[in-house]
């Protein structure tokens, strides 16, 4: 049975180490969020997530809600295994498919066909297991002869087509998504969205970060409200959306995200 469990997890990213007192003072003075800190080695770090304990069980469809900079993408990367906690622990069972930055692992100098194998290796799929999937991936991209050309010659839409087709070639038990994907040009979007919906329906766990509240109401059963790297609330979708809207309405305009 699939699950994701975080225990007192904190994630910090070091910004720099140096002797620029004025810059340090400026950063610390202008930060009203309390997420910047200086350690004994004179390094300044930003705390992206702060002491999060969370259980996500099989059957959960969890939405991550919060303003820009709340820590949603960092939490997704943590759940996907892209980053590790600075403090605390994360335990999980079940295969994970993360639809975050799908173009990571593509080599611009290699052809589309070569990148199918390379990106598969980046996803942890052995070449001998990836090769039988290459034909279906190639057909889904609708790139034709371009698959034999270097990826650096692709348009942005062609790159997304290739990356999307590779990233969704195998369905996993846990699906991690940052926004609902719209892949490539308008003609391709319907096919891509159909595949995404099938992925969601087949997954044991879905974790979705998005600002599209109607999408959350359609697909999610629980929601988590993040702000400044802290969990403010976990509950039903309706309750958390109401709390999120209240948070936005009470926000100081000077500190609100653009």
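Side notes on the structure shown:
- Verdict on residue 166 being in a loop (DSSP other than H, G, I, E, B), closer than 17 Å to residue 117 by Cα and modelled with pLDDT of 85 or more: no
- Looking only at region 34-58, and only at residues there that are touching a strand residue (DSSP E or B) at 6+ places or on another chain (Cβ under 9 Å), modelled with pLDDT under 70 and outside any strand (DSSP E or B), the one that is surrounded by the fewest Cβ atoms within 10 Å (Cβ to Cβ): 41
- Residue match in region 173-185 (condition: surrounded by fewer than 18 Cβ atoms within 10 Å (Cβ to Cβ), over 24 Å from residue 4 (Cβ atoms) and in contact (Cβ under 8 Å) with a residue 24 or more places away in the chain): yes
- Scanning region 122-157 for residues that are without any contact (Cβ under 8 Å) to a residue 12 or more places away in the chain and either under 24 Å from residue 82 (Cα atoms) or in a helix (DSSP H, G or I) (or both) yields 124, 126, 127, 128, 129, 132, 135, 139, 144, 145, 153, 156.
- Residue in region 1-23 that is modelled with the highest pLDDT, counting only those that are farther than 30 Å from residue 57 by Cβ and not in a loop (DSSP other than H, G, I, E, B): 14
- Residue check, residue 198 surrounded by 16 or more Cβ atoms within 10 Å (Cβ to Cβ) and either out of contact with any helix residue (DSSP H, G or I) (no Cβ under 7 Å at 6 or more places or on another chain) or closer than 16 Å to residue 103 by Cα (or both): no
- Per this entry, residue 64 is counted among residues that are in contact with a helix residue (DSSP H, G or I) (Cβ under 7 Å, 6 or more places away or on another chain) and at pLDDT 95 or above.
- The selection criterion, being within 18 Å of the chain's Cα centre (by Cα) and either assigned to a helix (DSSP H, G or I) or modelled with pLDDT under 95 (or both), holds for residue 92.
- In region 185-250, counting only strands (runs of 3 or more DSSP E) that sit wholly within it, the ones holding 3 or more residues that are modelled with pLDDT of 95 or more and over 17 Å from the mean Cα position of the chain (by Cα) span 230-235.
The values are calculated or read from the model by the stated rules, or taken from the named source; none is laboratory data. Note that the coordinates shown come from a computational prediction; the quantities given were computed from them, not determined experimentally. So basically every Cβ, Gly included, is an ideal-geometry build from the backbone, and we count neighbours across all protein chains shown.
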